[in-house]
Amino acid sequence: MYLGSVVVLLLVAPVAAILVQIFGFGHAADPLFTVLRWFVFWAVGVRLAIAGIRQMANPAFTAETIFRIHDRETFKIVQELGFANVSIGLIGLVSIAERGWVLPAGLAGAVFYGLAGIQHVRNARTTREETIAMVSDLLVFVVLGVLVGLVWTR
């Protein structure tokens, strides 16, 4: 289920939203910005908000399933990670309505995903779920980094 949700939130939903906006409504004055906007909404907004809510409500999943840490004391730290994920996710969600928030949300998301991906790489023992998180984090970092860079430098 974890892999499925990652694929939907990072590939299926953004691509569908982009295609609907471009072909369904026939207006995308700036196609590159449209791609960034929807990718930020889904990958930063929806994914991080859901992850954060899950980490706050059920810190055991992140601690035990992803990181193989079976110490309840770590749950407090995972919940604080959830606070950060919800905060960044909220910026990504609002960016769909506030055009000026897209680049900052994309930059914050790229930095977060890049650092998280590097940390996953550094972890010696990984679970299947951590491997999924590592690969998806690094892919999101690259995509957001490229899109933010292209939109910002025009």
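Seen from G92, the other residues with C-beta closer than 14 Å to its C-beta sum to a net charge of +2, counting Lys and Arg as +1 and Asp and Glu as -1.
Relative to the present Cα-Cα distance, how much length would full extension add between T65 and A97 at 0.36 nm per residue of separation? Could you put the intermediate results ahead of the total?
On the way: separation 32, 0.36 × 32 = 11.52 nm, distance 3.49 nm.
Contour length minus the Cα-Cα distance gives 8.0 nm.
Computed from the C-beta positions of N58 and I22 and an R0 of 25 Å, the FRET efficiency is 0.10 to the nearest 0.05. Shape analysis of the stretch 76-123 places it in the oblate category; the axes a ≥ b ≥ c from the Cα gyration tensor give an a/c of at least 1.5, with a/b not above b/c. In the assembled protein chains, L3 presents an accessible area of approximately 80 Å² (probe radius 1.4 Å). The Stokes-Einstein estimate for the stretch 74-154, based on a Kirkwood radius over Cα pairs and taken at 10 °C with 1.306 mPa s viscosity, is a diffusion coefficient of 116 µm²/s.
Using C-alpha pairs below 8 Å separated by at least 6 residues, the relative contact order for the chain is 25 percent.
Which residues in the stretch 130-144 place their backbone N less than 14 Å from a point set 7 Å from the Cα of L11 along the Cα-to-Cβ direction? Counting backbone N atoms under 14 Å from the label point, the list is 132-133, 135-137, 139-140.
Could you give the angle, 0 to 90 degrees to the nearest 10, between helix 128-152's Cα long axis and the longest principal axis of the Cα atoms of the chain? Value to nearest ten degrees: 30. One equal scatterer on each Cα of the stretch 50-94, no solvent, Debye formula: the resulting log10 I(q)/I(0) at q = 0.15, 0.24, 0.26 Å⁻¹ is -0.34, -0.72, -0.80.
Taking the Cα centre as origin and putting +1 on Lys and Arg beta-carbons and -1 on Asp and Glu beta-carbons, what dipole magnitude results for the stretch 71-154, to the nearest 20 debye? Working shown, then result.
Working: 7 positive and 7 negative charges, 37 e Å.
So the dipole magnitude of the stretch 71-154 works out to roughly 180 debye.
Does a label point 7 Å from the Cα of R122, set along Cα-to-beta-carbon, have any residues of the stretch 43-73 with amide nitrogen under 20 Å, and which are they? 62-64, 66-70, by backbone N distance to the label point.
Shape summary of the chain, radius of gyration then Dmax from alpha carbon positions: 15.8, 53 Å. Restriction of the trypsin sites (Lys or Arg not before Pro) in the stretch 8-84 to DSSP coil positions whose beta-carbon has at most 14 other beta-carbons within 10 angstrom yields R68. Taking the C-alpha atoms only, the angle from helix 47-57 to the longest principal axis of the chain is near 30 degrees.
Computed log10 I(q)/I(0) for the stretch 8-95 at 0.12, 0.15, 0.20 Å⁻¹: -0.45, -0.61, -0.84, from the Debye equation with unit scatterers placed on every C-alpha and solvent omitted. Average accessible surface for the chain: 55 Å² per residue, computed with a 1.4 Å probe over protein heavy atoms with every protein chain in place.
Can you show me the helix-derived [θ] at 222 nm for the chain, built from DSSP H runs with n ≥ 4 at -39,500 (n - 2.57) apiece and divided by the number of residues, rounded to the nearest 500. Provide the component values of the computation, followed by the final result.
Numbers: 7 runs with 99 residues, N = 154.
Mean residue ellipticity at 222 nm (helix-derived): -21000 deg cm²/dmol.
The values are calculated or read from the model by the stated rules, or taken from the named source; none is laboratory data. Given the structure is predicted, the values throughout are model-derived calculations rather than measurements. Cβ: placed from backbone, ideal geometry, glycine included. Neighbour counts: every protein chain shown. Each accessible area value is taken on the protein alone, full model and side chains, heavy atoms only, with ligands, DNA and RNA left out. Shrake-Rupley method; radii C 1.70, N 1.55, O 1.52, S 1.80 Å.
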